[in-house]
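The values are calculated or read from the model by the stated rules, or taken from the named source; none is laboratory data. Note that the structure is a prediction, hence the values are computed from the model and not measured. Note that each Cβ is placed from the backbone with ideal geometry, even for glycine, and that neighbours are counted across all protein chains shown. Quick note on the areas: whole protein, heavy atoms, side chains included, nothing else; ligands and nucleic acids left out. Shrake-Rupley method; radii C 1.70, N 1.55, O 1.52, S 1.80 Å.
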Amino acid sequence: MFNKRVKIKDLLATEPSGQEVTVMGWVKGFRQNQFIALNDGSTNNNLQVVVELGTQDEAILKRLTTSASVKVTGELVASLGKGQKVEVKAKTLEILGDSDAEAYPIQPKKHSLEFLREKAHLRFRTNTFGSVFRIRHTLAYAIHKFFNDKGFVYLHTPIITASDAEGAGEMFRVTTLPLDNPPRNEDGSVDYREDFFGKSTNLTVSGQLEGELGATAFGEIYTFGPTFRAENSNTARHLAEFWMIEPEMAFCDLEDNMNLAEEFIHYVIKYALEHNREDIEFLAQRLAEEEKSLPQDKRSEMGLMEKLEFVVNNKFERITYTEAIDILLQSPAYKKKKFQYEVKWGVDMQSEHERYLVEKHFKKPVIVTNYPKDIKSFYMRLNDDGKTVAAMDILAPGIGEIVGGSQREERLDKLVERMEQMHVPVEELSWYLDTRRYGTVPHAGFGLGFERLVLFVTGMTNIRDVIAFPRTPKNAEF
Ligand code: 4AD
Ligand code: MG
């Protein structure tokens, strides 16, 4: 029977009155043959379990090594020691699983994040990753709560798909054909009619196109699922497998879209601040320690907690792409030739440009709208100037792009024209165009990269440290 177990987080908040409790967890430390620091993953704070001299078998005490799992039943009493309000006086002590302290890969000392990435199967047991993944959980919950409370329908869009939603061609192929000898057409190309689905299929890069089908029936939907991109980007911001949240709203224009995105980001960060304060404080402390070794000009101006409070209490800046380019052209960084990549109207902004805007110029999140049509996807609504589209990207300090979205092109003729110009197969996407044929409506949506949000809230700096088992070029461990 394990169901009598009390979680350490709850126990630490309980008034002690000598009541009998049962706790289970992993040993973090054992000192003076008397004090066990026990952790069960519900909080970074350990429970002190006191073993009174002579009450337990010596052989059992010897097995209280780092990461051994134990079951303790005892009395909850006020603690005399510093650092905790309560402790448990052990009555019975049972080892559930031994742990060879010498061989245990994570020694009780400070390890680098790089080292822990190689031990990703055990890193959840460290304080840093304990905090990161509890916050990740809370954010996921807050996202569902936010949309549910607004009446959005959670739509599960497919993971295997035959269409390239972003038209970027960076997809992982899904096939059961033999790689070494696939069936071929007369011209030598692979004959996908023989493949599992009878056509060429891939892992999805976005659920948006299917999301639009949902929005034009339910009014408002959102997706929240795994997303795959086979781009060879080995940066601290890119994963080959990540999670994306994509709301899609009928009867919605670019302005409504921006308002929703801003409200949404404020809401989920506020939710984490309310429900994970202890974990965020822990990570704030960690970040401050880490930054002590950096030169003054490389340190953050605000601590993590301050930064998050600032973001939820202030409106995002809103500028057009054209204004953004002008700011960059006027900047001291540009004049001193500090940018590596070209700045001129029409280019896709590089992360150095985005970071200049949010970190140096505005010092807060910025929504950039109305990008040149040639650097954006086919489905974005063409503006009256004929040159720009009703796109919006949200840029966040320390992260760069965190959201990409737009108002969609709801006019059938304009959409088809755009698809033809951009060589998007009109026939294959006939199902998508049906939304424009049968009761088309102005609609809009966006995609938020979940891991980039988690990076922002935890203050971690590498995206590999905010997803349980990162998939990146040349890496699919565990
Ligand atoms: O800007 P993206 O490519 O937009 C779309 O896919 C649209 N269909 C979304 C929509 O309008 N429904 O991607 C959206 C977000 C980015 O802003 C970024 O936060 C994240 O997804 N993202 C990645 N996150 C981690 N690793 C990658 N390789 C990412 N690529 C995009
Ligand atoms: Mg984008």
#### Entry: the range 233-376: equivalent-ellipsoid semi-axes (sqrt of 5 x gyration tensor eigenvalues, Cα, Å)
27, 24, 15
### Query
If you bin the C-alpha pair distances of the range 364-417 every 5 Å from 0, what whole percents do you get?
5, 21, 27, 21, 12, 9, 4, 2, 0
### Selection from Gly447, Gly97, Thr73, by position along the positive dipole direction of the chain (Cβ)
Thr73
### Summary
Rg (one decimal) and Dmax (whole number) from the Cα set of the range 361-478, in Å, equal 17.8, 51
### Message
If each residue of separation counts as 0.36 nm, what is the full-extension length gain between Asn259 and His121 once their alpha-carbon separation is subtracted?
### Response
45.7 nm
### Message
Taking the alpha-carbon distance from Lys344 and a cut-off under 22 Å, which lysines remain once sequence neighbours fewer than 8 residues away in the same chain are dropped?
### Response
Lys335, Lys336, Lys360, Lys373, Lys376, Lys387
### Task
Take the Cα of Arg193, step 7 Å along the line toward its Cβ, and report every residue of the range 394-437 whose backbone nitrogen sits under 18 Å from that point.
428
### Query
Once the Cα atoms of helix 208-218 and of the chain are each reduced to a long axis, what angle between those two axes, in degrees from 0 to 90 to the nearest 10, is obtained?
90
### Under Karplus coefficients 6.51, -1.76 and 1.60, residue-wise ³J(HN,Hα) of the range 330-341 in Hz, glycine/proline x
8, 6, x, 4, 5, 5, 8, 6, 7, 7, 7, 9
### Task
Could you state the angle between the C-alpha long axis of helix 127-149 and the longest principal axis of the C-alpha atoms of the chain, as a value from 0 to 90 degrees rounded to the nearest 10?
50
### Message
Can you list residues from other chains, or at least 5 along the same chain, whose modelled amide H is less than 5 Å from the amide H of Tyr154?
### Response
Tyr222
### Message
Check which residues have an amide H placed less than 5 Å from Leu177's amide H, if you skip close sequence neighbours.
### Response
Phe196
### Message
At 1.4 Å probe radius, can you tell me the per residue accessible area of the chain in Å²?
### Response
50
### Summary
P(r) of the range 188-273 over all Cα-Cα pairs, 5 Å bins starting at 0, rounded to whole percent, reads 3, 11, 14, 15, 18, 16, 11, 5, 4, 2, 1, 0
### Task
Collect residues whose amide H, placed 1.01 Å from N in the peptide plane, falls under 5 Å from the amide H of Thr65; neighbours closer than 5 in sequence don't count.
Ser99
### Query
Considering the Cα trace of the chain, what is its radius of gyration and what is Dmax, both in angstroms?
26.7, 86
### Query
Hey, which lysines would be in cross-link range of Lys109, C-alpha to C-alpha under 26 Å, not counting anything within fewer than 8 residues on its own chain?
Lys7, Lys9, Lys28, Lys62, Lys71, Lys82, Lys85, Lys119, Lys292
### Query
What are the principal axis extents of the Cα atoms in the range 98-193, in Å, biggest first?
64, 47, 27
